[in-house]
Amino acid sequence: MSLFEDDRYQYCDTFFVFFDESNRPSVDQVVSALQSGGEKYELQGSKGRDGQFEAITVRSPHDSSAMDITIVTGEEVREQVEELVTELRNMSLNGDDFQKLKKVNQANARLDVYHFERKSDSPEDAVLDPGGLFLVLEKLNAICDGVGHDPQSKTLI
């Protein structure tokens, strides 16, 4: 079940991991990478086809958050990459952003990471912490040699 259908969670943002489809992770690679976060994550609904990753739901109770992660390939990704590269080239890049942009420009696949906040009746009970999200993005980047992107801040991760 998608978190979009779960009344306990409210959608916040979507983040991306761009990569070359030849580096598409297997279901086992994704599960193993996310389980390496210890007891921090609860994994549900991992799906794949022919062993290749398709989707998973990750809950992070300590962060009052959860994520639905899915894969997209094909022309839709190439169109988004072209727009993103054009947009980012017109911005001030620094550090290793040039290398990341080069990787993004070669991408033909992406992981969509839909970020959700757990609803709470008491503001003291639930404080959304983005730390879990960024750790998940880091792990996904590593297993598919990808580059994360936060479209809201226009940051490469």
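The values are calculated or read from the model by the stated rules, or taken from the named source; none is laboratory data. The structure displayed is predicted, hence computed values, not measured ones. Note that we place each Cβ from the backbone using ideal geometry, even for glycine, and neighbour counts take in every protein chain shown. For accessibility, only protein heavy atoms count, side chains too; no ligands or nucleic acids. Shrake-Rupley method; radii C 1.70, N 1.55, O 1.52, S 1.80 Å.
For region 53-156, please list each of the strands (runs of 3 or more DSSP E) lying entirely inside it that holds at least 3 residues being within 21 Å of residue 21 (Cβ to Cβ), open to solvent by less than 20 Å² (accessible area, probe 1.4 Å) and of a type in the set (A, V, I, L, M). Full working, then the answer.
Values: elements: 65-73, 109-118, 147-150.
Result: 109-118.
Please pick out the residue among 53, 98, 116 that is within 21 Å of residue 13 (Cα to Cα) and among the aromatic types (Phe, Trp, Tyr).
116
Would you say residue 132 is within 12 Å of the chain's Cα centre (by Cα) and small (Gly, Ala, Ser)?
Yes.
Right, residue 34: part of a helix (DSSP H, G or I) and within 21 Å of residue 156 (Cα to Cα) or not?
Here the answer is yes, as residue 34 does meet what is asked.
So which residues in region 17-73 are over 20 Å from residue 149 (Cβ atoms) and of a type in the set (Val, Ile, Thr), if there are any at all?
Passing the criteria: 27, 31, 57.
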